[in-house]
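Structure record follows, encoded as structure tokens.
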Amino acid sequence: MKRAVKNTAVMIRYKSGDFGIKITTQTRTDVDRVRRLPGRKRDPQGRFWTCPLNVGAIEKLRKWGWDLHPTLIAHLQKNRESVNDLSESTLEIPGLGMDLFTYQKKGVEFIEAHRGRALIADEMGLGKTAQALAWCQLHPRKRPVVIVVPASLKLNWEREANMWMDKPKVTILSGRKPEEITGAPGILIINYDILANDFEEYEKVTKGKDGGPDLIEIKTREVPYTGWVDFLRDLLPKVVIGDEIHYVKSSKAKRTKAFRKLVKGVRHLILLSGTPIVNRPIEIYNAIQMLSPTMFPNWWYFIHRYCDAKSTGFGMDTSGASNTEELHDKLVKTIMIRRLKSEVLKDLPPKLYSFLPIELNNRGEYREAEKNFIEFVKRRKGAAAAERASNAEAVAQIEALKQLAVQGKMAGVLEWIRDVLENGEKLIVFAVHKFVIDRLMKEFKGLAVKVDGSVTGKNRQLAVDKFQNEPQIQLFIGQMQAAGVGITLTAAHHLAFIEYPWTPGELAQASDRPHRIGQANTVNIYYLLAEATIEEEIAKMLDKKKTIINAVLDGKEPEKGSLLMDLIKNYEP
């Protein structure tokens with residue numbers, strides 16, 4: 001006999017503002033099925049059930065034959081468009097400063113299809129920054145845009161914004177003490193460390209019962225407007241971009257709380273991370289919740305389903321991973337797009353060059369040394385006189401500037417390297433000075449091997465073999481003169497120059513260490529340059545076209561004069 005009433009499910013809104021699903025059941029079998037829904041609760045009178053609004057629950061109800069209200073069907077469709085559902089790219093972005101690769105266009109279309117709320121999780125080196133900025137260029141009226149990044153990447157985001165976007169108004173925010181932002185804000189770039197407000201301790205006094213002593217508890221509370229987050233919220237940002245979103249993996253961290261506060265109520269949220277989900281799923285939970293709060297019923301469900309959660313007696317251990325294929329499938333069918341280099345190789349050249357400007361923390365000392373060098377050039381009355389008088393003195397002063405530059409940028413360099421290694425990548429770095437190599441070895445002890453002038457014979461090959469074959473050895477540190485030729489390092493497809501030699505030929509030779517027979521990936525080559533220092537001048541000398549990304553690193557000397565003379569001419573008044 002046919003039922004008079006169907007099983008039905010509708011979307012409801014609680015007084016708290018959260019959404020849920022109201023479910024009616026007809027038979028014992030129906031009840032048993034509903035009991036399998038995470039977070040389900042029965043009405044005290046037994047008239048219906050409720051459960052949190054999430055994609056998984058809607059899919060199960062549809063599979064079981066429930067009559068779904070149109071709002072639930074719309075919610076499902078809205079959150080179920082994957083990159084594979086997109087048609088061949090025909091995207092045109094007026095005013096875009098450079099051409100996107102085909103897969104990058106698809107990434108921008110994915111963000112657009114999800115109404116500006118997406119997780120771009122492409123493998124490192126595939127241009128997540130470009131895709132996020134291209135979407136912002138597609139929507140020039142959606143301002144201000146707040147971009148939150150690790151401190152070492154602020155200058156790079158500024159540079160990329162000026163490359164990809166049409167005359168953007170870019171402001172870099174710095175300092176723990178917020179300052180007034182004047183004029184109509186456009187693109188605001190800030191690092192995670194200065195976003196959060198300060199917290200202060202206070203005493204909470206509870207009156208004692210029956211004349212007993214008062215109970216005093218030490219609590220903490222947020223102090224408004226002591227960090228940047230409240231000032232930024234007051235600007236009513238239309239778009240927030242969070243780079244390296246694993247920076248907000250800890251729900252207890254102040255920067256996580258601040259970032260969640262910043263994005264609350266913001267319509268468009270683009271999160272970037274190259275960290276594979278399979279490693280530590282818990283690190284992506286906050287990102288998922290910010291983008292799509294209804295993706296999973298609650299934190300408890302997530303950690304037990306995907307983090308292999310275990311009780312330790314002191315809390316829950318959520319560092320594990322379980323059902324990772326299921327999690328990956330759910331994410332790519334909803335909010336995440338992830339491409340590997342192996343999947344888009346046809347779009348990529350053999351080598352990709354990137355210029356990453358790094359801030360100095362010794363700017364005053366550097367400027368003083370630079371001033372002395374300029375005075376030296378003046379005293380010699382020009383480059384020709386300096387060449388005749390004292391090449392040795394010129395080289396010594398230039399070397400002093402180079403060393404100050406690398407010392408001043410080292411904090412940013414270390415942060416950048418940590419981010420690369422956090423992504424599970426292997427990385428090759430080249431330096432010149434022994435103090436730089438020693439600092440890197442100390443900082444990444446247990447993860448790194450080195451080849452410098454002190455490593456010879458069998459030990460040299462042993463270091464190479466460890467890097468090539470041992471997963472825990474992620475970093476190869478090479479001294480330009482000792483490791484720039486004669487070795488193969490195909491285990492990595494990321495290489496960074498921390499310091500620079502005197503000839504383009506040395507750069508070209510070092511760049512070829514990972515680009516050997518057996519390398520299946522495009523090699524990403526990064527130039528970590530101290531901003532507004534002699535390093536940028538050297539880069540220009542090594543690259544006669546005055547661009548790093550499309551550098552002509554073919555080993556040829558500059559057409560006229562030596563690198564030393566060209567440098568001196570650049571400093572002539």
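Remark on Leu427: its backbone amide H falls under 5 Å from those of Leu475, Phe476, a criterion applied only to residues 5 or more positions apart or on other chains, H modelled at 1.01 Å from N.
Shown here is the pair-distance distribution of the chain: with all Cα-Cα distances grouped in 20 Å bins from zero up to the longest one, the shares run 17, 46, 28, 8, 1, 0 percent. In this simple spin-label approximation, Ile218 and Lys310 carry label points 7 Å from Cα along the Cα→Cβ vector, and these lie 3.4 nm apart. Approximating the spin labels as points 7 Å out from Cα along Cα→Cβ, the Met441-to-Glu470 distance works out to 1.4 nm. If the chain linking Thr102 and Lys378 were pulled fully straight, counting 0.36 nm for each residue of separation and taking away their Cα-Cα distance, it would gain 94.2 nm. Other residues lying with their Cβ under 9 Å from the Cβ of Leu272 contribute a combined charge of -2, Lys and Arg counting +1, Asp and Glu -1. For the residue pairs Lys128/Lys351; Lys154/Lys402; Lys167/Lys402; Lys154/Lys409; Lys106/Lys333, the C-alpha atoms sit more than 24 angstrom apart in Lys167/Lys402. Between Asp317 and Val205, the FRET efficiency from the beta-carbon distance, with R0 = 30 Å, is close to 0.25. Each principal axis of the Cα cloud of the range 278-427 was evaluated for its coordinate range; sorted largest first, these ranges are 74, 46, 25 Å.
Taking Cα atoms only, the orientation of helix 457-469 departs from the longest principal axis of the chain by about 30 degrees. Each DSSP beta bridge with both residues in the chain is either parallel or antiparallel, and the antiparallel ones are about 30%. Full extension of the chain segment joining Phe231 with Trp300 gains 21.5 nm, where the gain is 0.36 nm per residue of separation less the Cα-Cα distance.
Against the longest alpha carbon principal axis of the chain, how many degrees, from 0 to 90 and to the nearest 10, is the axis of helix 154-164 turned? Between the helix axis and the principal axis of the chain, the angle is about 90 degrees. Peptides 245-256, 422-433, ordered by how many other C-beta atoms sit within 10 Å of their residues on average, highest first, read 422-433, 245-256.
A simple spin-label model places the labels of Ser174 and Lys60 5.2 nm from each other, with each point 7 Å out along Cα-to-Cβ. Using a ≥ b ≥ c from the Cα gyration tensor of the range 254-342 (square roots of the eigenvalues), is it rounded, prolate or oblate, where a/c under 1.5 gives rounded and otherwise the larger of a/b and b/c decides, a/b for prolate? Cα axes put the range 254-342 in the oblate bin.
Averaging Cα coordinates gives a centre for the range 465-483 and one for the range 273-313; these two points are 33 Å apart.
With the cut-off at 1.5 for a/c, could you classify the range 8-78 from its C-alpha gyration tensor as rounded, prolate or oblate? Judged from the Cα gyration tensor, the range 8-78 comes out oblate (a/c at least 1.5, b/c at or above a/b).
Give the cross-link partners of Lys330 among the aspartates and glutamates, using a straight C-alpha distance below 15 Å as the criterion and excluding same-chain residues fewer than 8 apart. Qualifying aspartates and glutamates at Cα under 15 Å: Glu59, Glu81, Asp85.
Here the range 168-200 and the range 7-78 have alpha carbon centers that stand 43 Å from each other. Compared with the dominant Cα axis of the chain, that is its longest principal axis, helix 128-138 is turned about 70°. If you take the square roots of the eigenvalues of the alpha-carbon gyration tensor of the range 116-222 and sort them as a ≥ b ≥ c, do you get rounded (a/c under 1.5), prolate (a/b over b/c) or oblate? Judged from the Cα gyration tensor, the range 116-222 comes out prolate (a/c at least 1.5, a/b above b/c).
When the helices of the chain are scored as -39500 (n - 2.57) per DSSP H run of n ≥ 4 and the total is divided over every residue, the value at 222 nm lands at -10500 deg cm²/dmol. Candidate cross-link partners of Lys209 among the aspartates and glutamates, defined by an alpha-carbon separation under 18 Å and a same-chain spacing of 8 or more, comprise Glu217.
FYI, it's all coordinate maths here, none of it is from the lab. Keep in mind that what you see is a predicted model, and the values were worked out from it rather than measured. Virtual Cβ from ideal backbone geometry, glycine too; neighbours counted across all protein chains shown.
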